[in-house]
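Trainee: Structure incoming, see below.
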Amino acid sequence: MTNAESMKFLAKNSAFSPYRLMRRETGFGTPIGAGDAMARSLYCGMKPIASWDCEQANAVPTGGVFNLEFSPEGTLLVAACEKKSIQIFDPLTHKRIHSVNSAHSDCVNCVKFLDGRMFATCSDDTTIALWDIRNMKKTIRSLCGHTSWVKNIEFSFKDKLLVTSELNGSIYTWDINSYTECNLVYQRVFHASGLMRCRLSPDARQMVMCTTGGLLVIIHNLNLSTLAQDLHGFKPNLYRLMQTSHQLIPIAALYDHLFDDKREENRIEFVSDFPDGNDAKVVSSLQIHPLGWSALSRNISHDDRSEWSCIHDIQASTETPDKSTRDCTRVRPPPPPRRPPPRRSLRRPRPRLARPLRPQNSVTPAGEAPGVGRNFNMQRIMGINTGISPPSALRPRALRGAVARLLPHAQHAQLASHAELSPVSLPSTSRDPSPADHGDSCDEDRETRHYIRQNRDRLLYYIEETNEGKGFIKELCYSADGRLVCSPFGRGMRLLALNENCSELSQCVQYVKTPKPMVDVGQSLGIHQDLVVSSKFNPRYHMLVTGCLEGKIVWYEPYSGESLY
């Protein structure tokens, strides 16, 4: 089909074409590709049609609108505001129907509907509040248990559990159907340093987290009831450091089994690939595709000069990730040093002060392995010695080409018992180990070898954003059908699609061999008087809302004529 024919087809099957309505009235079926044509006409025709702010409504100032959330039926809109309030609107009439000015004792960060009438809010006052839309005079219950600002709320319909995360990285689950005399039953299921956002897929089979270290963490086949036990002690940032440094950290390598593709529940996967020129430092915003196909994120580059929006594939894959190359050289501790035989003398030896002997595998007080030099990899970062093997340039010749791996079983037990108390480092040798020193063959030692896993390339689409408003989180969102992305862009917003036809991801991904840039299909710039920090598509209607730091909310709907706003 030529370009002219394609444009003619799109025009005939657009939402505003009388030809499409006539074919439908006469009983003709929908031609192939008409869905894309209709979606493209609706999304590209979205215009700002109404707005609300506290000044025009003579209301109490709300501050910034940090989060916007529609009810599952799309008939209610709740805004979480900076100045401790929540505002409730009728999306169809664009009017405010209720306001709670002291919903929390600090700014409200997030809203999440549990069903058509109940929703939860979280705040910097470290609490979560449950509300019933039929009676907004007081909360149903206030959940206390967090120790830091609560930034995110998710709800698992599969487990009937509320999932909340706080600024210090802790993730809690709350059973809202079972509670004691003091509070609901809750549990801390995971902790990740630098955690920014935690999202669940629509079927609650996956949990996706983003961090300040430029990393996406996916938990496949999620089981919230056993998550705390399965991931106890696992530190994503430490494992990621082992990947980037290509050096063994025994404490991190002990959790290598969490990445095994054969694992049936709570399997971990890291996503760390970003576009060229985007060395992501902080992944601040995260959303999941309505069908759970992909993750939409926004990150800030390491030099703070650019921001990027990226779409990564998060579906479980049977493809085996790349691993480092195995080396059959076994690492054994060096033999104890031989003392020279004492020389016989007629003179009586002088008494000497007894000095404690240093253990064979210990490090010097200054953090130096014997004959190796300062182990600089972690001490300057975390202030502790974590047992990283010496740099490749300083290793003995036999170890320079070897892959980092765990010590044999004899030392593995000692590591497990002293992992948190004793510094651990690979033994240093002053000579090349001979085959006789190896003893067993490579096959016999296979169980004691561990790979440093390499992450799969998951990036599908990307686009560079404006860097206006440093330090503020800009919440992106997917449309209800997943065809479109709304991205806050300065004092307005941009509508982004995977291609010019606004096709679905399932129709485009088969042609994606390398990551591709997203297509800008519409803009509304300068609509707000301040930075836009939140956006949300209606789950039922073709409707979009955005909120800014000044407290203004703008509605967008498809319109084929002149702009009404």
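Trainee: Output yes when any residue across segment 61-74 is more than 30 Å from the chain's Cα centre (by Cα), open to solvent by 10 Å² or more (accessible area, probe 1.4 Å) and touching a residue at least 12 places away in the same chain (Cβ under 8 Å), and no when none is.
Mentor: At the first step, the residues of segment 61-74 found to be more than 30 Å from the chain's Cα centre (by Cα) are 61.
Imposing the further condition that a residue be open to solvent by 10 Å² or more (accessible area, probe 1.4 Å) reduces the set to 61.
Narrowing the set further to residues that are touching a residue at least 12 places away in the same chain (Cβ under 8 Å) leaves 61.
Within segment 61-74, one or more residues are more than 30 Å from the chain's Cα centre (by Cα), open to solvent by 10 Å² or more (accessible area, probe 1.4 Å) and touching a residue at least 12 places away in the same chain (Cβ under 8 Å).
Trainee: Could you please find all residues in segment 474-492 being open to solvent by less than 30 Å² (accessible area, probe 1.4 Å) and in a loop (DSSP other than H, G, I, E, B)?
Mentor: Of everything in segment 474-492, those that are open to solvent by less than 30 Å² (accessible area, probe 1.4 Å) and in a loop (DSSP other than H, G, I, E, B) turn out to be Lys474, Glu475, Leu476, Ser479, Gly482, Arg483, Gly490.
Trainee: So how many residues does segment 160-183 have that are open to solvent by less than 50 Å² (accessible area, probe 1.4 Å) and either out of contact with any strand residue (DSSP E or B) (no Cβ under 8 Å at 6 or more places or on another chain) or aliphatic (A, V, I, L, M) (or both)?
Mentor: Qualifying residue count, segment 160-183: 5.
Trainee: Let me ask something else about it. Please find, within segment 123-143, the residue that is surrounded by the fewest Cβ atoms within 10 Å (Cβ to Cβ) out of those that are of a type in the set (Val, Ile, Thr) and in a loop (DSSP other than H, G, I, E, B).
Mentor: Taking segment 123-143 as the starting set, the residues that turn out to be of a type in the set (Val, Ile, Thr) are 126-128, 133, 139-140.
From what is left, the residues that are in a loop (DSSP other than H, G, I, E, B) are 126, 133, 139-140.
Details: Thr126: 19, Ile133: 17, Thr139: 19, Ile140: 12.
Of everything passing the filter in segment 123-143, Ile140 is surrounded by the fewest Cβ atoms within 10 Å (Cβ to Cβ).
Trainee: Got a number for residues in segment 263-321 being assigned to a loop (DSSP other than H, G, I, E, B) and among the basic types (Lys, Arg)?
Mentor: 2
Trainee: Residue check, Met209 against (1) within 17 Å of Arg456 (Cα to Cα); (2) part of a loop (DSSP other than H, G, I, E, B), all met but one. Which one?
Mentor: All conditions are met except number (2).
Trainee: Within segment 228-241, identify whether any single residue is open to solvent by less than 10 Å² (accessible area, probe 1.4 Å) and under 13 Å from Ile452 (Cα atoms), and answer yes or no.
Mentor: Yes, segment 228-241 contains a residue that is open to solvent by less than 10 Å² (accessible area, probe 1.4 Å) and under 13 Å from Ile452 (Cα atoms).
Trainee: Taking only pairs six or more apart or across chains, which ones have beta-carbon atoms under 7 Å, a first residue in segment 201-224 that is on the phi > 0 side of the Ramachandran plot, and a second residue that is among the basic types (Lys, Arg)?
Mentor: Correct list of pairs: Ala204/Lys158; Gly214/Lys281; Asn221/Arg205; Asn221/Arg267.
Trainee: Quick check: anything in segment 15-23 at pLDDT 80 or above, open to solvent by 50 Å² or more (accessible area, probe 1.4 Å) and under 21 Å from Asp481 (Cβ atoms)?
Mentor: No.
Trainee: Then there is this: Kindly indicate whether any position in segment 510-532 is assigned to a strand (DSSP E or B), charged (D, E, K, R) and under 30 Å from Lys83 (Cβ atoms). Full working, then the answer.
Mentor: Let us first name the residues in segment 510-532 that are assigned to a strand (DSSP E or B), namely 516-517, 519-524, 532.
Applying the additional criterion that residues be charged (D, E, K, R) yields 516, 520.
Filter once more, so that each one left must be under 30 Å from Lys83 (Cβ atoms): none.
There is no residue in segment 510-532 that is assigned to a strand (DSSP E or B), charged (D, E, K, R) and under 30 Å from Lys83 (Cβ atoms).
Trainee: What's the number of the condition Lys83 fails, among (1) touching a Pro at 6+ places or on another chain (Cβ under 9 Å); (2) at positive phi?
Mentor: (2)
Trainee: Of Thr226, Thr212, which residue is over 18 Å from Ile153 (Cα atoms) and more than 15 Å from the chain's Cα centre (by Cα)?
Mentor: Going through Thr226, Thr212 in turn, the sole match is Thr226.
Yes/no per residue for (1) within 23 Å of Pro236 (Cα to Cα); (2) among the hydroxyl-bearing types (Ser, Thr, Tyr); (3) in contact with a Cys (Cβ under 7 Å, 6 or more places away or on another chain):
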site	(1), (2), (3)
Ser165	yes, yes, yes
Gly169	yes, no, no
Ser178	no, yes, no
Leu195	yes, no, no
Ala204	yes, no, no
Cys210	yes, no, no
Leu215	yes, no, no
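Trainee: Regarding Val532, is this residue within 29 Å of Gly292 (Cβ to Cβ), out of contact with any Cys (no Cβ under 7 Å at 6 or more places or on another chain) and in contact (Cβ under 8 Å) with a residue 12 or more places away in the chain?
Mentor: no
Trainee: Can you pull out the residues in segment 146-159 that are of a type in the set (Val, Ile, Thr) and open to solvent by 20 Å² or more (accessible area, probe 1.4 Å)?
Mentor: Of everything in segment 146-159, just one residue is of a type in the set (Val, Ile, Thr) and open to solvent by 20 Å² or more (accessible area, probe 1.4 Å), namely Thr147.
Trainee: So which residues in segment 104-113 are over 22 Å from the mean Cα position of the chain (by Cα), surrounded by fewer than 23 Cβ atoms within 10 Å (Cβ to Cβ) and either under 19 Å from Glu73 (Cα atoms) or not hydroxyl-bearing (Ser, Thr, Tyr) (or both), if there are any at all?
Mentor: Answer for segment 104-113, where residues must be over 22 Å from the mean Cα position of the chain (by Cα), surrounded by fewer than 23 Cβ atoms within 10 Å (Cβ to Cβ) and either under 19 Å from Glu73 (Cα atoms) or not hydroxyl-bearing (Ser, Thr, Tyr) (or both): Asp106, Cys107.
Trainee: Does Leu215 fit the bill of being of a type in the set (A, V, I, L, M), closer than 28 Å to Asp125 by Cα, open to solvent by less than 10 Å² (accessible area, probe 1.4 Å) and in contact with a Gly (Cβ under 8 Å, 6 or more places away or on another chain)? Break it down into steps so the answer makes sense when it comes.
Mentor: Details: of a type in the set (A, V, I, L, M): yes; closer than 28 Å to Asp125 by Cα: yes; open to solvent by less than 10 Å² (accessible area, probe 1.4 Å): yes; in contact with a Gly (Cβ under 8 Å, 6 or more places away or on another chain): no.
Here the answer is no, as Leu215 does not meet what is asked.
Trainee: Is it fair to say Glu557 is in contact with a Leu (Cβ under 9 Å, 6 or more places away or on another chain), open to solvent by 10 Å² or more (accessible area, probe 1.4 Å) and in a loop (DSSP other than H, G, I, E, B)?
Mentor: It is false that Glu557 is in contact with a Leu (Cβ under 9 Å, 6 or more places away or on another chain), open to solvent by 10 Å² or more (accessible area, probe 1.4 Å) and in a loop (DSSP other than H, G, I, E, B).
Trainee: Let me ask something else about it. If you check Gly471 against the conditions, is it free of Cβ contacts under 8 Å to residues at least 24 places away in the same chain, of a type in the set (Gly, Ala, Ser) and either open to solvent by 50 Å² or more (accessible area, probe 1.4 Å) or closer than 22 Å to His528 by Cα (or both)?
Mentor: Values: free of Cβ contacts under 8 Å to residues at least 24 places away in the same chain: yes; of a type in the set (Gly, Ala, Ser): yes; either open to solvent by 50 Å² or more (accessible area, probe 1.4 Å) or closer than 22 Å to His528 by Cα (or both): yes.
When the stated conditions are applied, Gly471 passes them.
Trainee: Which is buried (at least 22 other Cβ atoms within 10 Å of the Cβ) and either of a type in the set (D, E, K, R) or more than 25 Å from Thr173 (Cα to Cα) (or both), of Phe89, Phe119?
Mentor: Unique residue meeting the criteria: Phe89.
The values are calculated or read from the model by the stated rules, or taken from the named source; none is laboratory data. Just so it is clear, the model here is predicted, and its values are computed rather than measured. Glycine also receives a Cβ, built like all others from the backbone with ideal geometry; neighbour counts cover every protein chain displayed. When the accessible area is computed, the model is the full protein with side chains, heavy atoms only, and any ligands, DNA or RNA have been set aside. Shrake-Rupley method; radii C 1.70, N 1.55, O 1.52, S 1.80 Å.
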